[in-house]
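Reviewing the structure listed below.
The numbers here are math on the coordinates, done by the rules we state, and not lab data. Quick caveat: nothing in here was measured; it's all calculated off a predicted structure. As a convention, Cβ positions derive from the backbone with ideal geometry for all residues, glycine included, and neighbour counts pool all protein chains shown.
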Amino acid sequence: MSEKIKKYPGEEIATKDLREGRVPLIKWKPKARYAWTAGPAMSRFLKELKDGRIIARKCHKCGRIMVPPRMFCELCFKSTDEWVYVKDTGTINTYSVSYLAADASRLKEPIIVAVIDLDGASKGMGILHWLGEVKQENVKFGMKVKAVWKPLKERTGTITDIKYFKPVEAK
Amino acid sequence: MLRDAAIVGVGCMGFKSITPDLSYKEIMFEAATRAYEDAGVNPRRDIDCFVTCGEDYWEGFSIFDEFVPDQLGAVLKRLFTVSADGLYGIATAYMLIRTGQFDTVAVEAHSKASDMLTYADIVAFALDPIYNRPLGGHPYYIAGLEMNRYLHETGNTKEQCAQVVAKNRKNALANPYAAHGANITTDDVLESEPLFYPLSQLDVSPLADGCAVMVLASDRVAEKLTDTPIWIRGVGWNSDTPRLETRDWGRALYTELAADMAYKMAGIRTPLDEIDFAEIDDIFSYKELQNLEALRLCGRGEAGRLTEEGITERDGDLPINPSGGLLGVGYTLEASGLQKLLEVVLQLRDEAGKRQIPDVETGLAQIWRGIPTTSGAVTILSNAV
Amino acid sequence: MTLFRRNLKETGQELAYEATKMALDSAGLELKDIECVTLGTAPDAFDGIHMKGENLLDGAGAWRKPYSRVYVGGGTGVFTADSGWWHVASGLFDTCLVVAEEKMSSCFPHPQYAFTTIFDPIMDRPLGINLVWIFALEMHRYMHVHGIKKEKIALVSVKNKANALDHPCAQLPARITVEDVLNSEVMVWPVQRLDISPTSDGAAAIVLASEEVAKKVTDNPVWIDGVGWCIDSTYWTNRDLYYPKYVECAARMAYKMAGIKNPRKELDVVEAYDPFDYKELHHIEGLRLCRKGEAPEITAEGITQRDGDLPVNPSGGLLGVGNPIAAAGLMKVCEIFWQLRGEAGKRQVPGDPRTGLAQAWGDLMQYGSVIVMRS
């Protein structure tokens, strides 16, 4: 702050006072609900997940095989050209151990999350997912992992049709 | 006349009442591809800056900016979001070009209104949380309040408003981009279900999906790219108070001030002499009348008579909303301004097909940001060499 | 600027008003002298108002003026100053008021929850993603690629929180040690509590003027010599997160405009965006102030201290002063302003700095916005 300025506006209130209603408050829960169209690329992706497969799109100009699939190549700026299946195995690009749930509350059991570069897709084409059946100290960058799928009748066409990725035993 | 920047390419997808087969990504890619093709540019190489116009809560994503670059060809390029209607994006692009640091700027806006399940609640979410929201109700009552006051102050009538609806929806039948063209009579409008007196069901423009993209260029580049640059003669935008309690309910002051700014830039002293046709905001039927007066295209209280006498018909002396307006094409949220500007461009390029108005030189597009705002923008274009 | 605190009593409009009034007073101008207003504010979801730019406008002095809002996630603060630049540089306006406001405390139970809405509903949200995950993944990748240990990264948090002790608006100034950081609660490994900036309420404002008007108003204007911004692809899992290419891209644009060929030598003071401590290092590299992977070294050597060769975040940054998203970025611009005018009091970097840079970052590890200022 400039040394010329003497008074700084802003009246602080403690979070506790806010939560316990000691400050005049108005509450409102927004009713904002949406049904997003998945579009051709992601609709196919979700359908394939239900069938236990991961599908990507290929651009013939730059040759990239992209997942999540998209109907246009963002680098060449043209439509992508063909559907390509990629494997449900990959390598860990980066990972992390979360003690926080989506609403910032603490988790009793931490979850391990990772960006997994999928085999069969172009280099660096990763997706976000959980890791399972592995202890956090044993996770390594570059580790090979494989998807563990829910049984067919439990799959509904969502990214969580894959339960998690687990390490592939070294041969 | 100002020749700093011109529109050299336009493209759109839609406008349709629903788009169940395409996500926002595909509709934007389609509109952008068309616009770039029209302009003859490669976005990966030729476009210096991209401006996207939108609001998070229309999309259902926070920081919607994140989800835009790929489908516009803007990856690792300069893109940003203006949280406003497409005409604000045009004004921004104009300013960018005038700084001399940017030669080609693309502007995008879209609507995926059909993805919203609770539209009225989302509009209500824009109301002031302390003073207005707790009153509840469908927020369109605000339009009812304004319409009532406006008609009271000016002496214009509900019948004249109904004529606006009939005119615009009929105009839309000749527009391949329109979603809601129809043959409706003024009686149909007056007898339609009352919603927020004096507004009735058919006074309200229905929602639509779609996307519009435009490419602007500095004069140096525009002349290389196209034989028919459409010059930006003037831009203006303004905001009155957001508060319901202290606003002027009868006048659209933001339109007046935005228009003043645009006219001044365009060197226009008597708008009626120079504006050949206009695409003006008609989210609600009475808005067309209110804005017509605010734009000084007629005197206060005269807009109703002008409509009655057919002057604002497509074959009249001052065609208003030849595209069908928002009533006929569909209300596309923040893309509404670009939707209107698209019509102005097509008319000035002589590409408006069955809707073509002969011998036009200067056209105007005007938009209001919708309930509960008092913000709006104006853009004046010309094809004059 | 206002105080930055976890919860402030003022409404969003009141915060904007306070900052705006202070800016006008400091320039010796009145609202009628201002020709246009541009506002920056980040997700509507925090304040809980759709189209919140409209709701805030009269607090920002924009009544019956040309007014617009820009929004690029976390990059908004510095970017709003960039937007003020084009209002004036276009020749359309002689004066422009730039305002940034954020009121994150409105979001119950915790603002962090609103962040889930920034993620893709198909690929990311079903996994219960928390905002901190993406930072942790990026931080871990950065550490892995360059072999950086957490001890070196924690030095940034120590430096900035200490710097913030001299900032009168700071929310979390503190004298902490590297051990404090390493012992703090693990949020999402490798991110721990003292690595992160808090959520805050606050506002900031600046007044811009064209050359002609500036010279009449003050003897000591600070010029905007370069602006830059850049966005990367939305597919963040398809990118190698160890290096912010988009920051480099934005910096290049600004350097070119400002005529800067060797930023490390030519910049006297830098405010780099530091919502997390490793981000300062990440951005120092993106701004090409050192080689890739070298930022932890120059930090350890004290080069980025206030009395070092290249002071970074003399204000105390987001880690120390607070993070009301858009206002935080504009706070950095304000800091460079005060530094270049020699008015930063106890935070003043010595040696009469003449050229400064402020940078912000935003979206999904995507956005860089930069401004270069000279006195």
key: Label-zone membership for the range C:174-202, site A:Arg19, 7 angstrom Cα→C-beta point, backbone N under 19 Å   = C:185-187, C:193-194, C:198-201
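When DSSP beta bridges are limited to those with both residues in chain A, what percentage is antiparallel, rounded to the nearest 5?
The answer is about 95 percent antiparallel.
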query = In peptide C:158-165, how many Cβ atoms from other protein chains are near each Cβ within 10 Å, on average?
reply = 0
query = How big is the gap, in Å, between the Cα center of the range B:1-62 and the Cα center of the range B:73-111?
reply = 10 Å
inquiry  = Counting only Cα atoms, I'd like the Rg/Rh figure for the range B:118-271, Kirkwood definition for Rh.
reply    = 1.03
inquiry  = How large is the convex hull of the C-alpha atoms of the protein assembly as shown per residue, in Å³?
reply    = 157 Å³
ask   = Looking at the range B:25-105, which GluC sites (Glu not before Pro) are DSSP coil and have at most 10 other C-beta atoms within 10 Å of their C-beta?
value = none
task = Just the number, please: percent antiparallel of the DSSP beta bridges in the protein assembly as shown, rounded to the nearest 5.
result = 80 percent
Greater than 22 Å apart at Cα, pairs in B:Lys170/B:Lys264; C:Lys215/C:Lys346; A:Lys27/C:Lys9; A:Lys47/A:Lys153 = B:Lys170/B:Lys264; C:Lys215/C:Lys346
inquiry  = For Cα pairs less than 8 Å apart in space and 6+ apart in sequence, what is the mean separation divided by the residue count of the range A:39-167, i.e. the relative contact order in percent?
reply    = 24 percent
key: ³J(HN,Hα), Karplus 6.51/-1.76/1.60, whole Hz, each residue of the range B:233-239, x for Gly, Pro   = 8, x, 10, x, 8, 7, 9
task = Treat each spin label as a single point 7 Å out from the Cα along the C-beta direction, and report the B:Glu223 to A:Asp103 distance in nm.
result = 6.4 nm
ask   = What is the calculated FRET efficiency for A:Gln136 to C:Trp223, with r their C-beta to C-beta distance and R₀ = 56 Å, to the nearest 0.05?
value = 0.65
inquiry  = I'd like the Karplus ³J(HN,Hα) series for the range C:184-201: coefficients 6.51, -1.76, 1.60, θ = phi - 60°, whole numbers in Hz, and an x wherever there's a Gly or Pro.
reply    = 6, 3, 7, 9, 9, 3, x, 8, 10, 3, 7, 8, 10, 7, x, 8, 8, 10
note = Over chain B, the sum of -39500 (n - 2.57) across DSSP H runs of at least four, divided by residue number and rounded to 500 deg cm²/dmol, gives at 222 nm -10000 deg cm²/dmol
request  = Provide the FRET efficiency to the nearest 0.05 for the C:Lys21-B:Arg300 pair, computing r from the beta carbons and using R0 = 51 Å.
outcome  = 0.90
note = Distance in nm between B:Thr157 and A:Thr156 label points, each 7 Å along Cα→Cβ, equals 5.7 nm
key: Neighbouring partner chain Cβ atoms per residue of C:25-31, average, 10 Å criterion   = 1
inquiry  = Using helices alone, I'd like the mean residue ellipticity at 222 nm for chain C: each DSSP H run of four-plus residues gives -39500 (n - 2.57), total over residue count, nearest 500.
reply    = -11000 deg cm²/dmol
key: Residue order, fewest to most beta carbons within 10 Å, for C:Trp223, C:Trp338, C:Trp361   = C:Trp223, C:Trp338, C:Trp361
inquiry  = Within 10 Å of each Cβ in A:127-138, how many Cβ atoms from other chains are there, averaged over the peptide?
reply    = 2
message = Under a Cβ-only charge scheme (Lys and Arg +1, Asp and Glu -1), can you give me the dipole magnitude of chain A about the Cα centre, in debye to the nearest 20?
response = 320 debye
request  = Starting at the first residue of the range C:123-137, write each ³J(HN,Hα) from the Karplus equation 6.51 cos²θ - 1.76 cosθ + 1.60 with θ = phi - 60°, in whole Hz, x for Gly and Pro.
outcome  = 8, 10, 4, x, 8, x, 5, 10, 3, 4, 3, 5, 5, 4, 5
request  = Straight distance only, please: which lysines reach the Cα of A:Lys135 with their own Cα at less than 22 Å, same-chain residues fewer than 8 apart left out?
outcome  = A:Lys108, A:Lys144, A:Lys146, A:Lys150, A:Lys163, A:Lys166, A:Lys171, C:Lys149, C:Lys150
inquiry  = If you filter the range B:173-262 for GluC sites (Glu not before Pro), then keep DSSP loop positions with at most 13 other Cβ within 10 Å, what is left?
reply    = B:Glu245
remark   = Given C:168-174, B:83-89, C:2-8, the highest-first ranking by average Cβ count within 10 Å works out to B:83-89, C:2-8, C:168-174
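Give me the Kirkwood hydrodynamic radius of the range A:39-167 in Å, from all C-alpha pairs, to one decimal place? Spell out each step's value before the answer.
Values: mean 1/r = 0.0644 Å⁻¹.
Roughly 15.5 Å, rounded to one decimal.
Between C:Arg291 and C:Leu182, what's the calculated FRET efficiency when r is the beta-carbon distance and R0 is 25 Å? Round to 0.05.
0.45
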task = Go through C:Lys21/C:Lys103; B:Lys16/B:Lys340; A:Lys78/C:Lys292; C:Lys279/C:Lys332; B:Lys16/B:Lys287 and tell me which ones have a Cα-Cα distance over 27 Å in this structure.
result = A:Lys78/C:Lys292
